[in-house]
Structures are given as structure tokens and as C-alpha cells.
Amino acid sequence: MAGYETVEHDVLVIGAGGAGLRAAIAAAAEGVSVGLVCKSLLGKAHTVMAEGGAAAAMGNVDDRDSWKVHFADTMRGGQYLNNWRMAELHAQEAPDRVRELEAWGALFDRTPDGRILQRNFGGHRYPRLAHVGDRTGLEMIRTLQDHGIHQGIDVHMEVTVLTLLRDGDRVTGAFGYDRERGRFRLFRAGAVVLATGGIGRAYKITSNSWEYTGDGHALAYHAGAALMDMEFVQFHPTGMVWPPSVRGILVTEGVRGEGGVLINSEGRRFMFDDIPENYRGQTADDAEEGWRYTQGDKDARRPPELLTRDHVARCIVREVREGRGSPHGGVYLDIAWIAQKLPDAKAHIRKKLPSMYHQFKQLAEIDITSEPMEVGPTTHYMMGGIRVDGDTQMSTVPGLFAAGECAAGLHGANRLGGNSLSDLLVFGKRAGESAARFARENRASTVDEAALEAAAREALAPFDRGTEGEGAYQVQHDLQEMMQDLVGIVRREDEMERALEGLAALNERAARVGVTGNREYNPGWHTALDLPNLLTVSEAITRSALDRKESRGGHFRDDFPEKDAAFSTFNTVIRKGEGGRMELGREPIPPLPPHLAQIVEENR
Amino acid sequence: MSAPETRTAPAPTAGGGMAAVEAGARAAAKSDRATSSAAKTATFRVWRGDAAGGGLVDFTLQVSDGMVVLDAIHQIQAEQANDLAVRWNCKAGKCGSCSAEINGMPRLMCMTRLGELDLSQPVTVEPMRAFPRIRDLVTDVSWNFAAKKSLKPFKPRAPDAPDGTWRMDQRDVDRVQEFRKCIECFLCQDVCHVLRDHHKHDEFVGPRLLVQAAMLEMHPLDTEDRVDDLRRAHGIGYCNITKCCTKVCPEGITITDNAIIPLKERVVDRHFDPLAKLVQLVRGRKR
């Protein structure tokens with residue numbers, strides 16, 4: 001076969017966003033050798049896009065906060081499908097993980113007495129998000145990157161992993177290629193941590209970059225690991241809608257946290273029209289109370305714009321469908337109105353939301369300090385992913401770990417804003433430590449040359465077809481259109497059945513894709529190799545969504561619009577079955593232990 | 001927002017309301033004009049080739065003003081040249097991946113709107129020149145990552161509180177936030193003549209890493225001393241303050257005035273202040 005370079009590490013981390021970096025740092029701290037692989041340059045992963053902040057119950061702004069309230073908020077937001085052990089560990093450990101970043105150089109905004117400032121966010125009862133203006137993600141990834149490069153980690157930039165190596169049941173490394181030259185590289189490892197992020201590129205309108213093609217999900221699936229909760233895709237309520245080239249780019253929830261309101265074309269603040277029963281007691285009675293909440297009044301309750309993302313997104317879809325949308329098919333998000341409340345509103349908005357100001361000014365020629373934005377839902381986050389053990393983050397395959405967005409469990413049916421940055425810190429660390437322990441006891445083993453050869457042959461096949469095959473971009477484009485239309489925010493059985501037929505056809509087209517040019521930095525080839533992963537996760541999403549005949553969290557069925565208690569007792573699980581067919585199952589959720597049940601009860 | 005609020009229903013509508021709708025409709029119309037939905041044709045003159053050499057290739061396509069240069073490159077990639085190499089990620093000016101030279105100016109392709117370019121002429125898009133070429137618009141920027149490692153890392157003072165945390169004033173934090181905004185697009189490195197024309201990569205770390213050094217030196221908690229390194233290993237003396245880096249920074253960081261000059265002053269204070277030299281000499285003799 002074509003030659004390949006071999007590198008060996010105790011722990012191989014795939015993905016260098018927040019979770020991957022944190023895992024690599026944790027593994028290195030255990031004294032094992034660590035390799036870190038990323039598809040892009042270091043520090044460019046999607047974590048940089050996170051704007052709002054990292055949720056951690058430090059209680060710096062409101063001392064009524066505690067891990068117990070954070071736990072209860074996370075479970076309520078996830079509609080109780082969460083892996084409760086993960087929700088517990090996350091709430092307990094997030095404060096230490098955030099403070100640790102400060103010891104590594106992160107600079108969060110401060111309270112008047114000099115501690116880390118925390119802001120309000122949807123679904124969090126108290127101000128809980130540690131933040132830096134609206135560029136918290138950049139602050140976090142840069143802190144982890146600048147700390148990580150001094151920990152003896154070998155970074156393999158611009159490398160794509162094609163397949164995981166196995167020895168019996170155990171994962172023992174990975175095989176991929178460097179994007180720059182197109183040369184194959186074999187990574188032998190005692191343990192592998194997947195931290196590959198999300199699946200946003202399966203949809204047409206998304207806040208995700210080209211990288212988010214479900215690689216980790218697909219790698220784990222093909223290695224025999226179980227995926228879970230794949231029906232739960234988060235559509236962020238506020239993405240840009242105009243001009244077309246920026247459609248989908250995120251507009252931070254922080255805009256609403258700072259007092260921004262959603263308005264339809266009739267001038268009505270429609271979020272007051274539909275407040276879910278389980279949030280009624282926590283939601284403001286009127287606009288005045290909502291405003292006071294955003295300004296830190298501890299006696300006020302949150303405005304309905306800060307309800308959970310799934311709900312806000314659906315309300316926007318309803319307004320648009322019923323003819324009350326903005327000119328380009330969204331609704332208005334208005335922060336400029338706070339000039340009625342604050343004397344120096346324009347300067348205040350620029351200070352609190354600098355990236356948003358910049359983004360709209362430059363890309364849409366809109367001044368958000370004097371004009372409302374047009375916004376609409378955008379595919380943002382995958383709650384589902386690789387099924388893992390809550391304490392160790394090990395998947396159902398020995399030696400294979402997962403952390404961050406590509407792992408499932410913490411967020412259940414819907415993720416609260418701010419819980420992903422803390423997720424990747426808490427579980428990145430745990431995954432790195434567990435993987436290091438596993439690697440110490442399980443060294444790299446023999447390599448199955450035949451498997452490598454098959455993987456290399458498959459990867460190069462598009463070149464053999466050359467111009468005779470269809471281009472990868474067209475297939476990817478058609479997949480994105482189809483998933484957007486048929487398995488999007490509002491789902492129906494007949495549409496999803498059509499999606500399954502469509503996926504079968506797209507799979508056939510993907511198998512015949514051709515690539516021109518050579519192996520050096522060839523995006524056409526890269527796209528061709530991402531396609532199978534996108535198709536795998538799309539099928540997993542569709543099958544899971546078909547099976548859940550109810551509406552819950554990020555999953556909304558037009559034909560089953562209500563929540564059904566019968567569906568509250570299990571997680572949907574996807575596995576690769578005999579003969580390579582995708583199999584769906586239901587795994588019962590273990591009952592909450594008494595101490596956690598009590599916390600949920602106390603915080604109803 | 002001075003227009004009176006008219007409401008269609010007695011629902012609570014603090015602020016916003018019809019005034020927002022009217023402002024929004026105006027903004028949408030304005031933005032429509034800005035993006036002039038009528039398609040037109042433009043030519044992009046894109047550098048194609050690899051380390052061995054290459055040249056400019058013209059691509060003509062239908063465009064609209066709302067598009068950015070990166071959209072045009074993607075369209076070329078999808079329709080005319082599947083293998084056109086380009087780096088990109090966030091497409092929102094936050095990750096700093098899609099750096100290139102557009103009509104000769106170092107810029108982010110994702111933040112350069114076609115509406116601000118003269119489309120009656122071909123738009124040239126070339127890779128950054130300060131770094132080795134890999135293919136098409138992609139250059140080898142790994143030197144920046146290696147050079148960063150040569151900076152002494154952050155070293156915090158002992159925690160201020162028994163629980164291991166620190167107290168910082170917002171004003172002290174604000175002072176370095178400008179430097180922490182850096183998205184590592186390396187456009188400042190690209191435009192710096194010390195690197196671009198004189199290829200002093202071995203002796204000079206460039207504006208990006210001087211910003212990083214300034215961030216560390218002015219960090220409210222940091223206790224490390226990088227002044228000697230700045231003078232010797234990092235070659236700060238090579239910078240002769242032409243401010244080209246500041247001009248191209250997409251984050252608007254005042255690189256020269258706020259980062260490099262204060263660092264130069266620290267170097268001068270320690271190494272070239274005659275009074276300090278004298279004191280050092282005297283103290284040295286005493287020892």
C-alpha cells in the first residue's frame with residue numbers, strides 16, 4: 001500500500017477545541033505521552049465562536065446559587081433525559097474548572113469586589129456565566145492553547161482521521177492523513193479520546209464551520225460504540241438571516257441577557273404569548289419585571305426571551321409561519337430599545353456586546369445600537385453523541401473515550417446556553433485522566449495492516465474516478481438541503497421517511513464521488529472524505545427522530561406535538577448491527593438516586 | 001426609538017414594539033440596497049500553484065454585494081475548481097483562518113464585502129507573502145506556532161484569597177483585553193517588512209508575538225520577566241514603528257502604540273538608560 005508515517009502516543013486526542021485541549025492537558029499532567037490531532041490549525045476550533053460564557057455555580061453575583069441549583073436547572077432544561085451522574089459532576093466541578101483557567105491566564109470580567117463576574121442566561125436561575133464581553137470562547141481556547149503548548153503535548157495540525165484501529169474489542173489508535181500533503185499517518189495509542197465537536201454541516205443553515213461533519217460520532221459508530229440521543233439537535237433561536245452569505249452565523253444569547261427583546265412584524269413582543277408550564281413560576285409577569293431581571297434585580301424573574309433555546313426557536317418559527325416575520329424570514333431582535341432605560345445605552349451596548357456590534361456593522365451594515373437585528377433559528381449544537389460512562393467518559397468500547405459536544409448525556413433533550421463551555425472543561429479533564437489511566441495499563445498493540453490498506457484504498461478511490469464521478473460539493477449541498485427541509489426544527493413521520501429514502505440515494509451518490517487534482521491540500525478530496533461521516537450522523541438523527549413519537553426539548557414532532565410520559569424513561573441508542581445495518585434501541589434511564597431526586601424536588 | 005409605541009394587543013412590550021419594527025424594516029431595506037440582490041458578474045484573479053511556483057488564474061462568476069470574498073472563493077471551489085485550496089473556519093471574523101492579500105491588502109476574506117471593492121476590475125486574491133506557500137491560498141504558518149513557544153509562559157503571583165482565587169480590578173483587566181482579542185490571523189506578521197521583505201524569522205518574533213508578550217507583561221497577575229528576551233531572542237529592536245501591522249489588524253488592536261512601544265520602553269529603561277547603567281555599575285562594584 002501507499003506508505004505511511006507511524007507515530008506513537010500513550011493517549012491520542014482527536015479534536016483540539018476546548019474539550020480536546022483540556023483532555024490533552026489532563027492526560028499530560030498524568031505523566032503519559034500525548035498526541036493531539038486537529039483538522040484545522042491549533043486554536044481555530046469552534047470553541048472560538050462561543051460567546052456567552054461558561055456556566056459555573058460560583059455564586060459570585062448571587063450567593064443563593066449552588067451546584068444543586070445548577071444541577072436542577074440542567075436537568076429541567078434537558079427534560080430529565082440527562083445522564084444525571086454527568087449533570088451532578090458537571091455542576092459540582094465547573095467552578096473549579098473555571099477558576100483553574102484563571103490560574104492559566106484567562107481574564108474574565110470582574111465584579112466590583114474583583115471576583116469573576118457572572119451573567120444571566122436562558123434557563124439558569126441565577127447569574128452564572130463567567131464571561132469576557134461576548135468573546136468568552138476565544139478567551140478559553142487561547143488560554144488552553146497557550147497553557148497546553150508548554151505541557152509537552154505533540155500537536156498534529158491539519159490532520160484528518162479516517163478510521164480508528166482496533167485490537168479485538170479495544171481501540172488502539174487511529175489512521176488518517178495530513179491535509180497539507182495528503183500523506184497517510186498511523187497513530188498507535190493506548191487510548192483514544194474523541195473531542196471532535198458537532199454535526200452542524202449536515203444542515204443548510206448552521207452556525208458551524210466546515211469542520212463539523214460528525215467525524216467523532218461516525219468514527220465511534222464504526223468502531224462499535226453506541227450513540228445516544230441523536231434526535232436532539234439544538235437549533236439556536238438567533239442566527240443572522242441576511243444577507244444570504246451570513247445566514248446562520250450566531251447572534252449570542254447574551255443580547256437577550258442584556259435586555260434584548262424579540263418582536264414580530266406587528267410590533268408585538270410575542271414571547272409573552274406562550275410560556276411553558278414548567279417555567280411559569282420562574283418567568284417575569286411583565287416587561288418591566290423582565291428588564292429588572294436583566295439589570296440584576298434579585299427579586300425579579302427572567303423575561304421570556306431567556307426561556308430555553310428549543311422553546312424560543314419554535315416560537316420564532318411559529319411567528320414566521322403565521323405571517324408575522326420580518327422581511328427576510330426571521331423576527332426582530334431589538335437591543336437598541338434600552339436607550340429608553342439607560343442614559344448611555346449606545347456605549348453600553350458596544351461595551352457589553354462588542355463582537356455583535358462589529359459583526360452586524362461589517363457584514364450587514366446594521367448598527368445594533370440604533371436598529372433591530374433580523375434573526376432566525378440556526379443549527380447550532382448536537383446534544384446527542386457517543387454514549388459514555390458518566391465518571392470516566394469511556395464509551396461502550398474499551399479504550400475509546402469522548403468529551404465535549406461529541407459525547408452525549410449531560411444535556412439530555414436540550415442544552416442550556418453556557419453549559420457547553422463548562423462541559424468541555426469538566427469532562428475534557430475527566431476524559432484525559434481516564435484515558436491516561438487506561439493507557440498505562442493497556443499499551444499499543446499489533447496493527448492490522450489489512451485494515452490500514454483497506455482504509456487507504458477507500459480514501460484514494462475518489463481520485464480513480466476523477467472527473468467521471470460527481471463532485472463532492474453537490475452531494476453535500478443536496479444532503480444539507482434535505483436535512484434542513486425534512487429533519488429540521490419541526491418534524492413529521494412522512495417527511496422523515498422520505499429523508500431515509502433520500503439518504504439511501506445520497507449514500508449511493510457519495511460512493512461514486514470523483515476528485516480532481518492531487519493529494520496536496522485538496523478541499524474537494526477533503527469534502528469527499530467528510531461525506532460518509534455526515535451521511536452516518538444524518539441517518540442516526542433521522543432514525544432516532546422517527547422513533548421518538550413525542551415532542552421534547554430540541555426534538556419537535558408536528559404529528560406528536562405533546563410531551564409523552566411514556567418517552568421519558570429511556571434514551572434512544574444507535575449501534576452498528578450485523579451486516580453494517582444501523583440498529584436502533586432504547587436504553588432505560590436509571591432512576592435518580594434519592595439525594596438527587598430531592599434536589600430536583602426542592603428546585604421545582 | 002423616540003417614536004410613540006403603538007400596540008396591536010395589550011401584551012407587555014417594553015421598548016421595541018412598532019418603533020422597532022419600523023426601524024427594522026428601514027434597516028432591512030437599507031441592507032437590501034447594500035446587498036443589491038440583482039446579480040452581476042465579477043472576475044477574481046486567484047493565485048494558484050504550490051511551493052514550486054504558480055500564477056494568477058481568472059475566474060468569472062455571478063455575485064451580489066452582500067457576499068464576502070470568501071463566498072466568491074467557495075463558489076469557485078464548488079462550481080469551477082473543486083481543488084482550490086483555502087483555509088477557513090468560522091466565516092465571522094473570529095477564528096483568523098482565511099487571511100489573504102486582496103487587491104494587495106492583507107485582509108480576512110470572510111470580512112471583506114464585495115460591495116466595498118471595485119468590481120469593474122478583476123479582484124486579485126493571493127496568499128500571504130511572509131510565509132512559505134503550500135498550495136493556492138494556503139501558506140505554511142507553522143513558524144508562528146513555534147515562535148510562540150519561545151515566549152516565557154504566564155506565571156501568576158500567589159493567589160489573593162485563601163480559596164486560591166485572585167482579586168482583580170476591571171480596569172486592570174480591560175487594559176490587556178485589547179491584546180487578548182487577537183485572533184491569530186497573522187496578517188500583522190504578513191505585512192511586517194522585517195518578516196515579509198527581510199525574512200528575519202529567526203531573529204524577530206513579529207508583531208503578533210510582541211502583542212502576546214505585551215499581554216503577558218501587562219497581565220495583572222503575571223510575575224515573569226521577559227524584558228531581556230524581548231531585546232535579544234525576540235529582536236524587538238528590528239521594529240521601526242512603521243505601524244503597518246496596526247493598519248491591517250482586523251480586530252483593531254493598536255499594536256504599535258499600545259503593545260510594541262511600551263515594550264520598547266521597558267527594554268530601553270533596563271538596557272540603555274545611562275543613569276540606570278551607572279547605578280548598575282556602582283552596585284556591581286560594591287559586590
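Give just the number: which of (1) in contact (Cβ under 8 Å) with a residue 40 or more places away in the chain; (2) within 21 Å of B:S142 (Cβ to Cβ) does B:D197 not satisfy?
Here B:D197 meets the rest and fails (1).
Filter region A:115-140 for residues that are of a type in the set (G, A, S) and more than 14 Å from chain B (Cβ to nearest Cβ); which is farthest from A:H46 (Cα to Cα)?
Ranking the qualifying residues of region A:115-140, first place goes to A:G123.
Can you tell me which residues in region A:388-441 are part of a loop (DSSP other than H, G, I, E, B), among the aliphatic types (A, V, I, L, M) and over 20 Å from A:Y80 (Cβ atoms)?
Residues satisfying the conditions are A:V397, A:A403.
With among the basic types (K, R), within 20 Å of B:G235 (Cβ to Cβ), part of a loop (DSSP other than H, G, I, E, B) and within 11 Å of chain A (Cβ to nearest Cβ) as the only criterion, which of B:K148, B:K152 stands out?
Among B:K148, B:K152, only B:K152 is among the basic types (K, R), within 20 Å of B:G235 (Cβ to Cβ), part of a loop (DSSP other than H, G, I, E, B) and within 11 Å of chain A (Cβ to nearest Cβ).
What pairs come out if I take residues in region A:193-214 that are in contact (Cβ under 8 Å) with a residue 60 or more places away in the chain and pair them with residues that are part of a loop (DSSP other than H, G, I, E, B) and basic (K, R) whose C-beta lies under 6 Å away, six or more apart or interchain?
Matching pairs, first to second residue: A:I205/A:R247; A:E211/A:K39.
Kindly establish whether A:S538 is more than 14 Å from every other protein chain (Cβ to nearest Cβ), free of Cβ contacts under 8 Å to residues at least 60 places away in the same chain and polar (S, T, N, Q).
Answer is no for this residue.
Which condition breaks for A:L363 when tested against (1) more than 9 Å from every other protein chain (Cβ to nearest Cβ); (2) more than 21 Å from A:P303 (Cα to Cα); (3) not in a loop (DSSP other than H, G, I, E, B)?
Of (1) more than 9 Å from every other protein chain (Cβ to nearest Cβ); (2) more than 21 Å from A:P303 (Cα to Cα); (3) not in a loop (DSSP other than H, G, I, E, B), only one is false for A:L363: (1).
Is at least one residue of region A:544-552 in a loop (DSSP other than H, G, I, E, B), more than 26 Å from A:V317 (Cβ to Cβ) and touching a strand residue (DSSP E or B) at 6+ places or on another chain (Cβ under 7 Å)?
No.
Within region B:121-145, track down each residue that is away from chain A (no Cβ under 14 Å), among the aliphatic types (A, V, I, L, M) and assigned to a loop (DSSP other than H, G, I, E, B).
Selection gives B:A130 alone.
Quick one: which of A:V7, A:V13 is over 21 Å from the mean Cα position of the chain (by Cα), in a strand (DSSP E or B) and in contact (Cβ under 8 Å) with a residue 12 or more places away in the chain?
Sole residue among the options that is over 21 Å from the mean Cα position of the chain (by Cα), in a strand (DSSP E or B) and in contact (Cβ under 8 Å) with a residue 12 or more places away in the chain: A:V7.
Run down A:A2, A:A24, A:A50 and say which single residue is at pLDDT below 95 and farther than 22 Å from A:R309 by Cα.
The unique qualifying residue is A:A2.
Given the residues B:T246, B:T223, which is the only one that is away from chain A (no Cβ under 14 Å) and of a type outside the set (D, E, K, R)?
B:T246
Considering only residues that are under 28 Å from A:P343 (Cβ atoms), more than 8 Å from every other protein chain (Cβ to nearest Cβ) and touching a residue at least 60 places away in the same chain (Cβ under 8 Å), which ones fall in region A:263-296?
Within region A:263-296, A:Y293, A:T294, A:G296 meet the criteria.
Among B:V248, B:V227, B:V211, B:V176, which is the only one that is in contact with a strand residue (DSSP E or B) (Cβ under 6 Å, 6 or more places away or on another chain) and modelled with pLDDT of 95 or more?
Exactly one residue qualifies, and that residue is B:V248.
Only one of (1) out of contact with any Gly (no Cβ under 8 Å at 6 or more places or on another chain); (2) within 14 Å of chain A (Cβ to nearest Cβ); (3) under 25 Å from A:S40 (Cβ atoms) is not met by B:G206, so which one is it?
(2)
I want to confirm something. Restricting to region B:232-254 and keeping residues that are out of contact with any helix residue (DSSP H, G or I) (no Cβ under 7 Å at 6 or more places or on another chain) and under 19 Å from B:S99 (Cβ atoms), which single residue is surrounded by the most Cβ atoms within 10 Å (Cβ to Cβ)?
Restricting to residues being out of contact with any helix residue (DSSP H, G or I) (no Cβ under 7 Å at 6 or more places or on another chain) and under 19 Å from B:S99 (Cβ atoms), the top hit is B:E251.
Looking at this structure, is B:R171 in contact with a helix residue (DSSP H, G or I) (Cβ under 9 Å, 6 or more places away or on another chain), more than 8 Å from chain A (Cβ to nearest Cβ) and closer than 30 Å to A:G59 by Cβ?
Against the criterion (in contact with a helix residue (DSSP H, G or I) (Cβ under 9 Å, 6 or more places away or on another chain), more than 8 Å from chain A (Cβ to nearest Cβ) and closer than 30 Å to A:G59 by Cβ), B:R171 does not qualify.
Confirm whether B:V138 is crowded, with 19+ Cβ neighbours inside 10 Å, in contact with a Lys or Arg (Cβ under 7 Å, 6 or more places away or on another chain) and on the phi < 0 side of the Ramachandran plot.
yes
Filter region A:49-85 down to residues that are in a helix (DSSP H, G or I) and β-branched (V, I, T) and give me whichever is nearest to A:E587 (Cα to Cα).
That would be A:T74.
Inside region B:77-120, can you point out the residues that are touching a Leu at 6+ places or on another chain (Cβ under 7 Å), of a type in the set (A, V, I, L, M) and within 11 Å of chain A (Cβ to nearest Cβ)?
Those that are touching a Leu at 6+ places or on another chain (Cβ under 7 Å), of a type in the set (A, V, I, L, M) and within 11 Å of chain A (Cβ to nearest Cβ): B:A85, B:V86.
Give the residues of region A:482-525 that are acidic (D, E) and in a loop (DSSP other than H, G, I, E, B), sorted by residue number.
Scanning region A:482-525 gives a single hit, A:E520.
Taking region B:50-64 as the search range and keeping residues that are touching a strand residue (DSSP E or B) at 6+ places or on another chain (Cβ under 7 Å) and within 11 Å of another protein chain (Cβ to nearest Cβ), which one is farthest from A:R179 (Cα to Cα)?
B:V63
Step by step: first the residues of region A:506-526, then only those that are touching a helix residue (DSSP H, G or I) at 6+ places or on another chain (Cβ under 9 Å) and away from every other protein chain (no Cβ under 14 Å), then the one that is farthest from A:R557 (Cα to Cα). Which residue is that?
It comes out as A:R512.
The values are calculated or read from the model by the stated rules, or taken from the named source; none is laboratory data. Note that the structure is predicted; figures quoted are calculated from it, not measured. Every residue, glycine as well, gets a Cβ built from its backbone with ideal geometry; the counts of neighbours run over all protein chains shown.
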